1. Take K225 and decide whether it is open to solvent by 30 Å² or more (accessible area, probe 1.4 Å) and in contact (Cβ under 8 Å) with a residue 40 or more places away in the chain.
2. Failed condition for L141, given (1) more than 22 Å from K223 (Cα to Cα); (2) open to solvent by 30 Å² or more (accessible area, probe 1.4 Å); (3) assigned to a helix (DSSP H, G or I); (4) in contact (Cβ under 8 Å) with a residue 60 or more places away in the chain, with all others met?
3. Look at T127 and say whether it is open to solvent by less than 20 Å² (accessible area, probe 1.4 Å) and either of a type outside the set (D, E) or not in a helix (DSSP H, G or I) (or both).
4. If you go through segment 63-102 one residue at a time, how many are in a helix (DSSP H, G or I), at pLDDT below 95 and buried (at least 24 other Cβ atoms within 10 Å of the Cβ)?
5. Only one residue in N212, N189 is touching a residue at least 60 places away in the same chain (Cβ under 8 Å), of a type in the set (S, T, N, Q), open to solvent by 30 Å² or more (accessible area, probe 1.4 Å) and under 27 Å from K17 (Cβ atoms). Which one?
6. Take residues that are closer than 21 Å to A44 by Cβ and tell me which of the helices (runs of 4 or more DSSP H) falling wholly in segment 150-253 contain 1 or more.
7. Looking only at residues in segment 38-62 that are crowded, with 17+ Cβ neighbours inside 10 Å and among the small types (G, A, S), which one is farthest from the ligand (Cβ to nearest atom)?
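The values are calculated or read from the model by the stated rules, or taken from the named source; none is laboratory data. Keep in mind it's a predicted model, so treat the numbers as computed, not measured. Reconstructed Cβ throughout: ideal geometry from the backbone, glycine too, with neighbour counts over all protein chains shown. We work out accessible area using only protein heavy atoms, side chains counted, and drop any ligands, DNA or RNA first. Shrake-Rupley method; radii C 1.70, N 1.55, O 1.52, S 1.80 Å.
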Amino acid sequence: VYIKDLRGTNLLEERLKVFLGVEVKVVPTGLNQNFGKEELGRFAADLLKSLITYGDIIAVTGGTTLSNVAEMMTPVSGKFDITVVPARGGLGEGVEIQANTIAAKIASQFGGEYHLLHTPDNLKAETIYTLIKEPSIKKVLDLAKNADVLIHGIGTAEVMAKRRGMPAEKIEELKSKGAVGETFGYYFNQNGGIVYSTTSVGLKLSDLSKINKVIAVAGGQDKAKAILASVSKKYQDLLIIDERAAKGILELV
Ligand code: BG6
C-alpha cells in the first residue's frame with residue numbers, strides 16, 4: 001500500500017508543479033478529514049532539518065500548521081549555530097500559534113538562538129516607520145530580511161480575517177474584492193493578485209525574492225483555493241501539502 005501511495009503522490013507532485021510553477025511535496029496522508037496534521041508537520045520539520053546548514057537564519061510565520069511543524073520537530077544533533085526569527089510582528093493571534101512562540105520552539109530543537117518581534121498589528125504608517133528604526137527591532141528585521149530559509153503557512157482569506165478580528169464590514173469588502181487566500185498578512189484573489197495587506201512590522205512579499213529558500217506549508221481540502229491563489233514561483237520555491245489539499249487543487253485547475 002505504501003508503495004502505491006508513494007507512486008500516487010509522486011504523480012500529484014508532478015502535476016501540481018506544472019500548474020503552480022514551484023517544487024511540490026505531497027505528504028501521503030490519505031483523504032480522511034481528521035488525519036494528517038501531525039504527518040504534515042513531521043514531514044515539513046524533517047525537510048527543514050535536512051535543508052539547514054551551519055549559521056543559517058530561519059524566518060517563520062505563525063499559525064496552527066507552523067505550530068505543528070515546531071511541535072513535531074525532534075532535537076537536532078550537532079552544532080548548527082542557527083538563528084530563528086519571526087517573519088512578521090504579531091498578527092493578533094493566540095500566543096501558542098504566534099510566530100514568536102514558533103521561532104523559539106524551533107530554535108530550541110536546533111540548539112540555536114532566537115529573536116522576537118513584539119509589535120502589534122494595524123499600526124499607523126508613521127508608527128511603523130518609527131518602530132523599524134528602533135535598533136532592537138531593526139536588528140530582528142534585518143535578520144529576517146537576510147534569512148536563508150523562510151517557512152510560512154497559508155490560510156483561507158475569510159478564516160484568517162476573522163481570526164485576526166477584522167470587523168465584519170471589512171471582511172465583506174475583502175470578499176467583494178475576491179480575496180480567497182492569505183499569507184503573512186497579504187490577501188490574494190484567485191488570480192494571485194494582492195487585494196489587501198495588513199500593516200505590520202516585518203517581511204514584505206518583495207523581500208521574498210532575496211531569500212534563498214521560501215517554503216509554504218498547508219493542509220486540508222478547504223485550503224485548496226487559498227493555496228492556488230497564494231503560491232507562485234515569484235514568491236515560493238517549495239510547497240508542502242497533504243493529499244487532500246493536493247487533490248482539491250487539481251479539481252480547481
Ligand atoms: C498565520 C500566518 O499566522 O497563519 C499566515 O502568518 C498563514 O501566513 C496562517 O496564512 C495559517 O494558519 P493555519 O492555522 O491555518 O496554519
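1. Details: open to solvent by 30 Å² or more (accessible area, probe 1.4 Å): yes; in contact (Cβ under 8 Å) with a residue 40 or more places away in the chain: yes.
When the stated conditions are applied, K225 passes them.
2. The single condition L141 does not satisfy is (2).
3. Working: open to solvent by less than 20 Å² (accessible area, probe 1.4 Å): no; either of a type outside the set (D, E) or not in a helix (DSSP H, G or I) (or both): yes.
For T127, the condition - open to solvent by less than 20 Å² (accessible area, probe 1.4 Å) and either of a type outside the set (D, E) or not in a helix (DSSP H, G or I) (or both) - is not met.
4. 0
5. Answer to the check: N212.
6. 157-163, 224-230, 243-252
7. Quick first cut of segment 38-62, residues crowded, with 17+ Cβ neighbours inside 10 Å only: 39-45, 47-48, 52, 56-62.
Remaining after also requiring among the small types (G, A, S): 41, 44-45, 59, 62.
Values: G41: 10, A44: 11, A45: 14, A59: 11, G62: 3 Å.
The selected residue is A45.
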